[in-house]
Amino acid sequence: MGDTIVFLVIAGLCGCVFGGIGITAFRLKNPIHFWSGTAVKSEEITNVKAYNRANGWMWLVYGSLYILAALVGLYKVAYGGIILGISAVPGMFVLMSIYVSIEKKYRIQKVETVEEKVRRQMKNYK
């Protein structure tokens, strides 16, 4: 029973944090940031409201997977752990790829994306 409570608290708390990021994204007037150490300026985005809405949905869906894992964990912790493991590890890479597609969709084409900047820097490094 103790392990179930710990699992529920951790998964539920993570789900609430990710969901909170999503709700915050819906309310922001400036573009939400995804990558650590970078800033997305309003001038770089074609439609800030749609960009934030897309990011908000991305985070809400990601957070709901953690909430789902917590709820399933009430029934059986092992099943909740499977959902949490799938959400956490592969889900992180899915989250990054979804953000890159959102960024490509809403970023003004004249400005270089983070992915393009990294590729250019890696090419110059070689």
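Residues of the stretch 87-110 that are touching a strand residue (DSSP E or B) at 6+ places or on another chain (Cβ under 9 Å) and modelled with pLDDT under 85: 108 alone. Taken together, the residues in the stretch 10-39 that are aliphatic (A, V, I, L, M) and touching a residue at least 40 places away in the same chain (Cβ under 8 Å) amount to 3. In this structure, does residue 24 turn out to be surrounded by 12 or more Cβ atoms within 10 Å (Cβ to Cβ), out of contact with any helix residue (DSSP H, G or I) (no Cβ under 7 Å at 6 or more places or on another chain) and among the polar types (S, T, N, Q)? In short, yes. Candidates are the residues of the stretch 69-95 that are within 17 Å of residue 18 (Cα to Cα) and touching a residue at least 24 places away in the same chain (Cβ under 8 Å); the one that is surrounded by the most Cβ atoms within 10 Å (Cβ to Cβ) is 69. Summed over the stretch 40-51, residues that are out of contact with any strand residue (DSSP E or B) (no Cβ under 9 Å at 6 or more places or on another chain) and without any contact (Cβ under 8 Å) to a residue 60 or more places away in the chain total 6.
Considering the stretch 59-68, the residues that are over 11 Å from residue 14 (Cα atoms) and touching a Gly at 6+ places or on another chain (Cβ under 6 Å) include one that is surrounded by the most Cβ atoms within 10 Å (Cβ to Cβ), namely 59. Residue 34 passes every criterion in (1) more than 21 Å from residue 94 (Cβ to Cβ); (2) assigned to a loop (DSSP other than H, G, I, E, B); (3) in contact with a helix residue (DSSP H, G or I) (Cβ under 6 Å, 6 or more places away or on another chain) apart from (1).
Yes/no per residue for (1) in contact (Cβ under 8 Å) with a residue 40 or more places away in the chain; (2) hydrophobic (A, V, I, L, M, F, W, C); (3) surrounded by 12 or more Cβ atoms within 10 Å (Cβ to Cβ):
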| position | (1), (2), (3) |
| --- | --- |
| 100 | no, yes, yes |
| 104 | no, no, yes |
| 108 | yes, yes, no |
| 123 | no, no, no |
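Of the conditions (1) surrounded by 14 or more Cβ atoms within 10 Å (Cβ to Cβ); (2) over 17 Å from residue 97 (Cβ atoms); (3) over 12 Å from the mean Cα position of the chain (by Cα), residue 51 clears all except one; give me its number. Single failed check for residue 51: (2).
The values are calculated or read from the model by the stated rules, or taken from the named source; none is laboratory data. Predicted model, so just to flag it, every value in this text is computed and none were measured. No Cβ is skipped: glycine too gets one built from the backbone with ideal geometry, and neighbour counts run over all protein chains shown.
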